[in-house]
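Data first, discussion second: the structure below is written as structure tokens.
The values are calculated or read from the model by the stated rules, or taken from the named source; none is laboratory data. Every value quoted in this text rests on a predicted model; they were computed, and no experiment measured them. Cβ placement follows ideal geometry from the backbone for every residue including glycine, while neighbour counts extend to all protein chains displayed.
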Amino acid sequence: MYPEIDKEIGIIYPSIKKIAKQEKARIIPTGAYALNALGLSTQVPMRVVFLTDGTPRMINIEGKASINFKKTAPKYLSFKSKLVSLMVFALREIGENKATAEQLAQIKKLLQNEKQEIIINDLALTPAWVKNSILKLLQDE
């Protein structure tokens with residue numbers, strides 16, 4: 001895939017979804033990207049990591065940013081809810097018992113937008129401490 005050149009905007013790089021689609025690979029964002037996507041951090045990551053069942057590789061974007069596709073176990077790509085998967089990887093990035101009250105409040109608010117059956121199903125794919133953290137937020141409703 002090659003970037004497109006727009007006369008007004010300049011260079012337009014292919015989207016991450018377009019790259020994944022071309023390779024017929026599933027992807028899931030992790031780390032700082034997940035934190036930012038959920039509004040848990042204002043940090044915009046320059047090095048984005050996606051877990052994939054496709055070819056692991058690193059894509060550099062003109063030395064400004066990079067996208068790392070890391071091979072992962074199929075279970076991490078089995079989430080039914082994109083929201084829950086983002087929460088899981090965001091909490092893993094923050095660390096066990098390290099989330100602030102504001103971050104937990106934001107996660108609790110976002111959980112209200114998802115069906116409880118889907119959340120419970122997806123929590124079976126997570127580490128025990130992440131599962132317990134999210135279940136505690138659900139019980140506090």
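Figure legend. Inter-residue proximity from the range 113-138: first residues touching a residue at least 12 places away in the same chain (Cβ under 8 Å) and within 12 Å of V88 (Cβ to Cβ), second residues among the hydroxyl-bearing types (S, T, Y) and surrounded by 13 or more Cβ atoms within 10 Å (Cβ to Cβ), beta-carbon distance below 9 Å, spacing 6+ or different chains. Indicated pairs: I119/S81; D122/S78; D122/S81; D122/S85; L125/Y76; L125/S78; L125/S85; I134/T126. Scanning the range 31-39 turns up one or more residues that are modelled with pLDDT of 85 or more and not in a helix (DSSP H, G or I). Only residues that are charged (D, E, K, R) and more than 17 Å from K71 (Cβ to Cβ) were counted across the range 7-45, and they come to 5. Would you check if A73 is within 11 Å of the chain's Cα centre (by Cα) and over 22 Å from Y2 (Cβ atoms)? No, not satisfied. Taking the criterion of being in a strand (DSSP E or B) and touching a strand residue (DSSP E or B) at 6+ places or on another chain (Cβ under 6 Å), the residues of the range 54-64 that qualify are R57, M58, I59, N60. The set of residues from the range 110-138 being surrounded by 12 or more Cβ atoms within 10 Å (Cβ to Cβ), in a helix (DSSP H, G or I) and not hydrophobic (A, V, I, L, M, F, W, C) comprises N121, D122, K131, N132, S133. Taking the criterion of being surrounded by fewer than 19 Cβ atoms within 10 Å (Cβ to Cβ), small (G, A, S) and not in a strand (DSSP E or B), the residues of the range 65-96 that qualify are A73, S78, S81, G95.
Would you point out the residue of the range 85-106, among those that are of a type in the set (A, V, I, L, M) and within 16 Å of G31 (Cβ to Cβ), that is nearest to the chain's Cα centre (by Cα)? Checked the range 85-106; the qualifying residue nearest to the chain's Cα centre (by Cα) is L86.
Step by step: first the residues of the range 4-47, then only those that are without any contact (Cβ under 8 Å) to a residue 12 or more places away in the chain and hydroxyl-bearing (S, T, Y), then the one that is farthest from L111 (Cα to Cα). Which residue is that? Filtering the range 4-47 for residues that are without any contact (Cβ under 8 Å) to a residue 12 or more places away in the chain and hydroxyl-bearing (S, T, Y), the one farthest from L111 (Cα to Cα) comes out as S15. Within the range 97-109, the set of residues being basic (K, R) and in a loop (DSSP other than H, G, I, E, B) comprises just one member, K98.
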